[in-house]
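Beneath this line is the structure, given in C-alpha cells, with notes to follow.
The numbers here are math on the coordinates, done by the rules we state, and not lab data. Since the model is a prediction, treat every value here as computed from it, not as a measurement. Every residue, glycine among them, receives a Cβ derived from its backbone with ideal geometry; neighbour counts consider all protein chains shown.
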Amino acid sequence: MSKEIVLALGGNALGESLAEQMAAVKVTSRAIVDLLAHGHRVVVTHGNGPQVGMIHLAFEAAAATQAHTPHLPMSVCVALSQGYIGYDLQNALREELLDRGMRVPVATLITQVVVDENDPAFRHPTKPIGSHFSPEEAARMTRNGYVMREDDRGFRRMVASPRPLDIVEKDSVLALMKAGQLVIAAGGGGIPVCRQGNHLKGAPAVVDKDLASAKLAELIDADTLIMLTTVERVAIHYGTPQQRWLDRLSVAEARKYMLEGHFGEGSMQPKVEAAVEFAESRPGRRALITLLTKAREGIDGRTGTIIAN
C-alpha cells in the first residue's frame, strides 16, 4: 500500500565535508529511490549541522580580512546550506532515478520555518553546529561572545534551537508532492523566521531538523515520518548490559522513556520527541526510526522502531 512519507536524513547521510557529501548522497539516493520504486510518495528533509557551521565560520574569517566581507546572519547561512546540499542531493537522486528508468522530477525548495521570537530557547543555546575546536580555539571564540560546549571530540559552537510552529512553503511542498515530484524541503530544519505582520524576519537560530520534519509531515498530511540515524532501532539502557532494542512503542511508552532519560539529548531524544508529536497529531499516523539502508524494510515492518498510538 503506497504511503506519503516525509523522510528525514541524518548527518551520516550527508557526510561532514564537500567531498564526503558527494560520496554519501549516492548511497542516500539509492535508499530514497527504493521507496519511490515501491510506489510511495516522498518528501526529503535533511540536517546541516557541519555545513551551516562551516559556512558561518568561512564568512567570519573573510570578514576579518582586508576584504571586509560582511558577517552573515545564521538564517542566511541556513539558506546557503539548503542550496548547496540540495544541489548535490537532487542531482544524485536524478541520476539514480534515470539509471532505473524512472522519470520523476526532483526539486529543492528553499523553505522557511516560523518560530516564536520569545521562545525561551533564544536564552539557552543548545544546538551544536560546525566543526570541533581545540580548547584554545574554543576559549578565543568564547571571548568573542559564542557559547561553546565540550563533547568527546572537542568543543562545538552552540546556537538557539526554537520550536517550529509553521512551514511557510507547506502549500508548495504539498502541490509538488501531489504532482508526483520528489521534493527536498526544510533543509537544516528550515530557515528560522519570525512573523512581523506580513514580513518574515530571519532569526539567529537553527531549528531541529527532526522537529521541523514532524511539523512538515503533519501540515502536508503525510502518513509516515521516517527519521534515519546511525542505529537500526531505538534502545533503552543504551550502552549498558541492560540494553534492550525496541521494535514498537506507543506514544505513552515513548513519553515514559523520555522522562526517564533513556535517550541522548543531542541524538535520539529529538527523534523520539518528533516521532511522538507526529504520531499523536492524527489517528493512523506513525513514525519510524531506523538506519538509512533499512528504510524500505522498516516501512514493511521488518526492522526499525515504530512509534504510533
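Over the stretch 223-309, calculate the relative contact order: mean separation of alpha carbon pairs under 8 Å at least 6 apart, over the residue count, as a percent.
Values: 160 pairs, mean separation 36.8, N = 87.
It rounds to 42 percent for the stretch 223-309.
Loop only per DSSP, at most 16 neighbouring Cβ atoms within 10 Å: give me the GluC sites (Glu not before Pro) in the stretch 80-189, ordered by residue number.
Values: sites: Glu95, Glu96, Glu117, Glu136, Glu137, Glu150, Glu169; in loops: Glu117, Glu169.
Of the GluC sites (Glu not before Pro), the ones in loops of the stretch 80-189 whose Cβ has at most 16 other Cβ atoms within 10 Å are Glu117.
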Checklist entry - Based on the Cβ-Cβ distance from Ala175 to Asp116, what FRET efficiency comes out when R0 is 41 Å, to the nearest 0.05? => result 0.90
Checklist outcome for this item: With R₀ set to 45 angstrom, the calculated FRET efficiency between the beta-carbons of Arg30 and Lys201, to the nearest 0.05, is 0.70
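In terms of the Cα gyration tensor, with a ≥ b ≥ c the square roots of its eigenvalues, is the stretch 174-245 rounded because a/c is under 1.5, prolate because a/b exceeds b/c, or oblate?
On the way: a/c = 3.25, a/b = 1.62, b/c = 2.00.
Here the stretch 174-245 falls in the oblate category.
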Checklist outcome for this item: Note on the stretch 223-309: alpha-carbon gyration tensor, axes a ≥ b ≥ c; rule is a/c under 1.5 for rounded, else prolate if a/b larger than b/c, else oblate; result oblate
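Where in the chain are the helices, taken as whole DSSP H runs, whose Cα atoms extend 24 angstrom or more along the long axis and whose Kyte-Doolittle mean reaches at least 0.5?
Both cut-offs are met by 18-37.
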Checklist outcome for this item: With only helices counted (DSSP H, runs n ≥ 4, each -39500 (n - 2.57)), the per-residue ellipticity at 222 nm for the chain, to the nearest 500, works out to -12000 deg cm²/dmol
Item to check | Positive-end residue, the stretch 223-309 charge dipole about Cα centroid, Cβ charges, pick of Ile236, Thr303, Ala287 | outcome: Thr303
Next on the checklist: Per residue, how big is the convex hull of the stretch 131-278 when only Cα atoms are used? Give it in Å³.
Outcome noted: 158 Å³
Item to check | Check: the chain dipole with +1 on Lys, Arg Cβ and -1 on Asp, Glu Cβ, in debye | outcome: 280 debye
Checklist entry - Under 18 Å Cα-Cα from Lys271, which aspartates and glutamates qualify once same-chain neighbours fewer than 8 residues away are excluded? => result Asp208, Asp210, Glu218, Asp223, Glu232, Asp247, Glu253, Glu260, Glu280
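Which order do Thr111, Thr303 fall in if you start with the one that has the fewest other Cβ atoms within 10 Å?
Sorted ascending by nearby Cβ count, the order is Thr303, Thr111.
If neighbour count is taken as other Cβ atoms inside 10 Å, put His262, His124 in order from fewest to most. Walk me through the numbers on the way to the answer.
Values: His262 19, His124 11.
Listing His262, His124 from fewest to most nearby Cβ atoms yields His124, His262.
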